[in-house]
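Q: Pasting a structure below so you can have a look.
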Amino acid sequence: PPSSTPPPPTTQPPPPSTIPLPDTIPISTVTSASSSPTNKSTTQFEGYNPLNPSVIKNVKIPPPPSTPPPPPSTPPPPSTAPPPPPTSAPPPPPPTSSSPNKPAPPLSEFDDKRFKAIAHLLRPGYKYLNLNPFSVLQVSFNATEQEIKKSYRSLSIYVHPDKNLDCLDKAVESFDIINKAYKMLSEPETIGRCQEVVNVARQRVKEQLQREKGKSDAPIDPKKFEEDVQKEAFKLFAEVEKRRIESEERDTAERKRKREIEIDFEQRKKAVKEKEESWENGRDDRVNSWRSFTGGKRG
């Protein structure tokens with residue numbers, strides 16, 4: 001008999017086109033394989049739908065691992081040393097006489113004269129210029145004996161070593177220079193030679209000016225004439241000194257040559273004497289030797 005219970009309804013799956021496809025799925029693994037089974041690469045995507053590969057949303061590639069930041073450095077412990085005392089600028093130097101803000105005190109009249117006297121005697125080229133004794137004592141070529149002596153005494157006071165302890169070496173040299181000049185102008189023989197040098201200088205300058213003047217009737221300037229005589233006198237005194245040095249060198253060489261001849265003669269004479277003494281002392285030996293020789297021959 002037919003059953004009164006109706007059969008259960010059959011459920012059929014919907015057509016494939018009606019199956020809902022999720023838009024995204026959690027992280028999944030997609031494997032792409034080539035013809036070689038060993039060549040596989042795996043990449044993780046988020047939002048990949050395996051049933052709908054055309055839908056890929058929110059692709060996220062994991063970033064490369066980064067180096068972790070260094071740990072925070074520990075601050076150094078606080079120093080327990082006491083703080084250094086505050087530095088202050090050095091005190092200004094005490095004012096001196098040479099300070100630019102304070103001019104040096106003026107020299108006394110004596111100090112001024114002694115400094116000028118030493119500076120004149122030791123000026124540049126003084127070894128050449130001081131060959132002229134008139135220039136050393138600061139007197140004219142026509143100065144008298146009294147004028148020369150007065151100038152020497154005045155200069156000797158200013159350049160005396162006892163008065164110049166602050167520049168002793170220069171004072172000693174200056175004092176020797178004026179003593180030598182005064183000796184040349186105080187002795188009759190040497191002052192005569194100095195006057196001859198001056199006269200030759202005057203004659204040379206006069207001839208030179210006449211050659212330059214020619215047939216002109218213009219008078220000679222006396223000031224220029226004396227200046228030229230001074231210059232020429234310096235040259236002549238230098239020539240005289242040069243000839244004196246050369247003469248001394250020749251005399252020294254001649255004395256040395258004569259002494260060498262004397263020494264050689266004495267050595268030869270001594271050698272001859274020693275030879276004669278040796279011959280005389282060997283007389284007995286020679287006689288005995290001859291007697292021995294002749295006696296042995298007879299026997």
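Q: For residue 144 paired with residue 240, estimate the spin-label separation in nm (one decimal), with each label point 7 Å from Cα along the Cα-to-Cβ line.
A: That separation, rounded to one decimal, is 2.3 nm.
Q: Mind listing the phi-derived Karplus ³J(HN,Hα) values for the range 112-117, rounded to whole Hz, using 6.51, -1.76 and 1.60 with θ = phi - 60°, and x for any glycine or proline?
A: For the range 112-117, the Karplus curve yields 4, 6, 5, 5, 5, 5 Hz.
Q: Note down the nm distance, to one decimal, between modelled labels 7 Å out along Cα→Cβ at residue 212 and at residue 256.
A: The two pseudo-label positions are separated by 4.4 nm.
Q: Assuming R0 = 22 Å, what is the FRET efficiency of residue 127 and residue 247, from their Cβ-Cβ distance, to the nearest 0.05?
A: Details: r = 19 Å, r/R0 = 0.86.
So, using R0 = 22 Å, E works out to roughly 0.70.
Q: Something else: Kindly report the accessible area of the range 214-293 per residue (heavy atoms of protein chains, probe 1.4 Å, no ligands, DNA or RNA), in Å².
A: Dividing the accessible area of the range 214-293 by its residue count gives 91 Å².
Q: Around residue 131, which amide H atoms from residues at least 5 apart in sequence, or from another chain, sit under 5 Å from its own amide H, with H modelled in the peptide plane?
A: Here nothing satisfies the definition.
Q: Moving on. For the pair residue 168 and residue 264, what calculated FRET efficiency results from E = 1/(1 + (r/R0)^6), where r is the Cβ-Cβ distance and R0 = 51 Å, to the nearest 0.05?
A: 0.55
Q: In whole Hz, what ³J(HN,Hα) sequence does the range 119-132 give by Karplus (6.51, -1.76, 1.60; θ = phi - 60°), x for Gly and Pro?
A: Karplus-based 3J(HN,Hα) across the range 119-132 equals 5, 5, 6, 10, 5, x, x, 5, 5, 7, 6, 7, 6, 8 Hz.
Q: Once phi is turned into ³J(HN,Hα) by the Karplus curve 6.51 cos²θ - 1.76 cosθ + 1.60 with θ = phi - 60°, what whole-Hz value does each residue of the range 218-226 show in order, with x for glycine and proline?
A: Values, residue by residue: 5, x, 7, 5, x, 5, 5, 4, 5 Hz.
The values are calculated or read from the model by the stated rules, or taken from the named source; none is laboratory data. Keep in mind that what you see is a predicted model, and the values were worked out from it rather than measured. Glycine also receives a Cβ, built like all others from the backbone with ideal geometry; neighbour counts cover every protein chain displayed. The protein model used for the area step is the full one, side chains on, heavy atoms only, and it has no ligands, DNA or RNA in it. Shrake-Rupley method; radii C 1.70, N 1.55, O 1.52, S 1.80 Å.
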